[in-house]
Amino acid sequence: MIGKRVSVPFGKSKVMAGLIYTIGNTPPTQYQARYIFDIIDNEPIVNEDQLSFWQWISSYYMTSIGLVYNAAMPAGLKMEGESKMILHPEFDQSGQVLDPKELLIIESLRVSMELTISQAVSLLKINQIHKYVKSLYLKGAILLKEDINEVYKPKMVNYISIHVDAQNDKHLNLLFDELEKRAKKQLMALMTFIAKYSITGEAEKTELVKHDVTNAAINALIDKGVFSQENRAKSRIQFVDKIKDLEDLRSEQQEAYHKIQVAFVEQKPVLLFGVTSSGKTHVYSHLIKENLDKGKQVLYLLPEIVLTSQLIERLQQYFGEQLVVSHSRFSTNERVEVYQAIQSGKPLLVIGTRSAIFQPFKNLSLIIVDEEHENSFKQHEPAPRFHARDAALYLAAKKKANILLGTATPAIESYYNSQHDKYILVKLTKRYDNSILPKIEVVDMQLQKKQKRSKGIFSDTLLEAISSAKAKGKQAILFQNKKGYVPVLECNVCAWTPKCQNCDISLTYYKYQDNLRCHYCGFTQPVVNQCATCNNKGIELIGYGTERIEDELALYLPDLKVKRMDYNTTRLKNSHTKLIQEFAAGKIDVLIGTQMVAKGLDFENVSTVGILNADHLINFPDFRANERAFQLITQVAGRAGRRKEQGMVYIQTSKPDHFVIDQIVQNDFLGMYEKELIERQDYNYPPFHRLIKITLKHKDALHLYKIGQLTKNHLISFFGASLLGPEKPYVSKIRNWYLLHFVLKIENNGSILKEQKYKLKAAIAQLDKQKDFSQARIIVDVDPI
């Protein structure tokens, strides 16, 4: 059946796992078909809707369906290893006609007991061994042991209960008397069990031991037939009981909820545009409840893992064991169990990051994409380079499910669609409980330095605000979108900087690890104290990351409790949850973070937010720079004053008169949108044109430039002036691969886009056949971010 896994001979010496994608009656003409060895599953692990969705991802994003499968399936449901042959214990060789090579395999198995197929090839020097293995298998001469090793293993737990024969009062009283005389620790174990779990209850053995009960006492009671022990599988999914009902919606929320329901009747996507802290999550919760009550499944997509912990804690109160989580920090086994729970078709709320889009939904009726503007929804490496928001729109249409996109700062493409009848726009213009949007103060850092008021990387204005917040028992968030201590070390004589040996990028200095590190390939080296070019010992620190901010803040305000939230402090499982809980509990005065702190976190005691360097967001060389600066700074600012008191936001910049800064201060999304739209129409950018980025990679820089010109000439013959490039990217070498970029601009029309993709696929296929491209890689990224 389609969707089942099979083991198949592959190459000369391996048996691999495959997934049945289609079934046909006509043998292939381009290659010799192989017989399958075994069907692994009793039931399909992938349904035809999933395969259809994978096919769309493969086609739209111009990647192979195998790479989509690799991204979509939990590692525990992929297979690894290869077959081992063992001699069938009941095999009778008399009367069997065996080929000499089959006899050789049989004799080898009598000596070795078992052989992998690759070992047999190496030992016996038999080519095309699969046909002999298959023949012996069909003749009943051998068994294929563990054809494919499953990675997933269920979690097995020992459960303890009181034996049914010992559960009556008379038996128990006799038992108490006997144990009191001879075995007091066993008596304590029995009485503890009854007190904690009741006479008819059961407990995990490991939990029982936590109540000062010894393993020896438990085992002795098992030997006496007092306790029963059963070893069985336990789900790794941590379900929590529902503890309260949803609060009613306020008037503006109720109005938005009604408009969303009307839009869903029209079967159109909805864009919920609500200011920060307007209660969008509360509206989502009522929609989720409505769908779960109908026995349906709901997918709630978030851009970052860091957002899930706070949201889960909140939604578990309302939905309890109907909530499951799906993200990459889970173990292999946990991911398999989440996959199986969703595949069962039970009404569940599935909260996850972009990979959750691939879960095996049976009766999906609602998709919520929160913070829909976030570029974290776009997968960059490895392929498939899909955008989870756009894939969710397709999935919703395919499943006839409703879809809601929520944000305080819509993506320009999404807002454009809402103005052109593709989406229905619903607005929330007021903060929840009528709290006031924060006041934003722009701090001119050039003036601060000129007047000698700044202290290191801080303005005196921001330091006073942080100190004042602490005095009032409030908290502060500081935002800087750079990790490490400083991004660049530089010689103060010749401007030499230490660079990665594998990438064309300066190494970031990490003070606490005392090393220099590349953010692209992970290369590290010791800190340098001397210039490698002129031997000068004057090495300067250029710029600042989250580590340096933490360090310098401790110099000026030493009494503060300060923590960082960046990739390095949250990369371990549950570390981000612990950090968020500590900050929410008031154990941290100042939280310093990268863009993680900008995304939907809700802390009621934060009164002050500082953006330490707005300039690097505005100056970034990308046509989306102004849009992203507006979104990111507005989102960070939205963390301040989320309850009764008005919060304060301080933006440090050397360009206080920049129009984007003014639009942020005025909360003028429409002004930013209209200005950006004019420029994008003039220069053929989204939403008026679609982009496809073509990256050419080679390990020889000179050869890359040679084939870059060949590629340009070839692609221009297909696309003419629609092609831009080749262009050397900002980081022109990554992991020893030199890079060149081309960009293809295509009119935003479905049929034209499809036609141009077909031409691009054909053009690349022709390039791949040329000898000059044998060591090159051509990567296609549709709708790059």
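The values are calculated or read from the model by the stated rules, or taken from the named source; none is laboratory data. Bear in mind the structure is a predicted one, so any value in this text is a computation, not a measurement. Positions of Cβ are generated from backbone atoms using ideal geometry, with glycine treated the same way; all protein chains shown enter the neighbour counts. These area figures cover heavy atoms from the full protein model, side chains too; ligands, DNA and RNA do not enter into them. Shrake-Rupley method; radii C 1.70, N 1.55, O 1.52, S 1.80 Å.
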Legend entry - Counting all C-alpha pairs of the stretch 263-314, share separated by more than 13 Å (%): 72 percent
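Any of Lys452/Lys728; Lys259/Lys296; Lys470/Lys537; Lys296/Lys482 with alpha carbons more than 31 Å apart? Name them for me.
Details: Lys452/Lys728 40 Å; Lys259/Lys296 21 Å; Lys470/Lys537 40 Å; Lys296/Lys482 42 Å.
Listed pairs above 31 Å: Lys452/Lys728; Lys470/Lys537; Lys296/Lys482.
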Inset, instruction - Go ahead and estimate [θ] at 222 nm for the chain from helices alone: -39,500 (n - 2.57) per DSSP H run with n ≥ 4, summed, over the residue count, rounded to 500. - result: -11000 deg cm²/dmol
Legend entry - Overall dimensions of the stretch 647-693 as given by Cα atoms, namely Rg and Dmax in Å: 14.2, 42
Inset, instruction - Compute the signed sum of charges (Lys and Arg +1, Asp and Glu -1) over the other residues within less than 11 Å, Cβ to Cβ, of His519. - result: +3
Legend entry - Ranking by accessible area, most exposed first, for Asp433, Asp248 with a 1.4 Å probe: Asp248, Asp433
Legend entry - When the stretch 685-764 is reduced to its Cα atoms, the Kirkwood hydrodynamic radius in Å: 13.3 Å
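Stick to Cα atoms and the Kirkwood definition of Rh, then tell me Rg/Rh for the stretch 386-517. Show your work: numbers first, answer last.
Values: Rg = 23.2 Å, Rh = 20.9 Å.
Result for the stretch 386-517 is an Rg/Rh of 1.11.
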Legend entry - Spin-label pair Gln766/Tyr567, simplified geometry with 7 Å Cα→Cβ offset, distance in nm: 3.9 nm
Inset, instruction - Calculate, for the chain, the solvent-accessible area per residue in square angstrom, rolling a 1.4 angstrom probe over the heavy atoms of the protein chains. - result: 48 Å²
Legend entry - Theoretical gain in end-to-end length, Leu447 to Arg34 [0.36 nm per residue, Cα-Cα removed]: 141.2 nm
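For the chain, which whole percent of the accessible surface, found with a 1.4 angstrom probe, sits on carbon and sulfur atoms? Show your work: numbers first, answer last.
Details: 18710 of 38050 Å².
Ligands and nucleic acids excluded, carbon and sulfur reach 49 percent.
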Legend entry - FRET efficiency, Asn47 to Ala75 (Cβ-Cβ, R0 25 Å, nearest 0.05): 0.80
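Work out, in µm²/s and without decimals, the Stokes-Einstein translational diffusion coefficient of the stretch 26-121 at 20 °C, 1.002 mPa s, Rh from Kirkwood over C-alpha pairs.
Working: Rh = 17.7 Å.
Roughly 121 µm²/s, to the nearest whole number.
Express the C-alpha Rg of the chain as a ratio against the empirical globular expectation 2.2 N^0.38 Å, rounded to two decimals.
With N residues counted in the chain, Rg over 2.2 N^0.38 Å equals 1.14.
Pop the C-beta distance of Ser122 and Lys511 into the FRET formula with R0 = 45 Å and round what comes out to the nearest 0.05. Before the final figure, lay out each step's value.
Values: r = 52 Å, r/R0 = 1.15.
Given R0 = 45 Å and the Cβ-Cβ separation, E is 0.30.
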Legend entry - q = 0.21 Å⁻¹, the stretch 152-223: log10 I(q)/I(0) [Debye, one scatterer per Cα]: -0.90
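How much net charge surrounds Pro44 when only the other residues with a Cβ under 13 Å from the Cβ of Pro44 are counted, with Lys and Arg +1 and Asp and Glu -1? Walk me through the numbers on the way to the answer.
Working: positive: Lys4, Arg5, Lys362; negative: Asp41, Glu43, Glu48, Asp49.
Here the count lands on -1.
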Legend entry - Label zone at Glu464, where the point sits 7 Å out along the Cα-to-Cβ direction: the stretch 615-658 residues whose backbone N lies under 15 Å: 649-651
Inset, instruction - Report, ordered by chain and residue number, the lysines lying within cross-link reach of Lys139, taken as a straight Cα distance under 18 Å and ignoring same-chain residues fewer than 8 apart. - result: Lys84, Lys101, Lys131
Inset, instruction - Taking the Cβ of Leu723 as the centre, find all other residues whose Cβ is under 12 Å away and add up their charges (Lys, Arg: +1; Asp, Glu: -1). - result: +3
Legend entry - Principal axis dimensions, the stretch 197-286 - Cα atoms, whole angstrom, descending: 67, 26, 23
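What FRET efficiency would be calculated for the residue pair Ala554, Ser94, taking the C-beta separation as r and a Förster radius of 60 Å, to the nearest 0.05? Before the final figure, lay out the partial values.
Details: r = 85 Å, r/R0 = 1.42.
Using R0 = 60 Å, I get an efficiency of 0.10.
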Legend entry - Reduced Cα scattering model of the stretch 635-785, Debye log10 I(q)/I(0), q = 0.14, 0.16 Å⁻¹: -0.81, -0.92
Inset, instruction - Given a cut-off of 27 Å, name the pairs among Lys675/Lys761; Lys378/Lys754; Lys449/Lys578 whose C-alpha atoms lie farther apart than that in the structure shown. - result: Lys675/Lys761; Lys449/Lys578
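Could you give the length gained by full extension between Asn684 and Arg232, i.e. 0.36 nm per residue of separation minus their alpha carbon distance, to one decimal place?
On the way: separation 452, 0.36 × 452 = 162.72 nm, distance 6.11 nm.
So the chain would gain 156.6 nm between Asn684 and Arg232.
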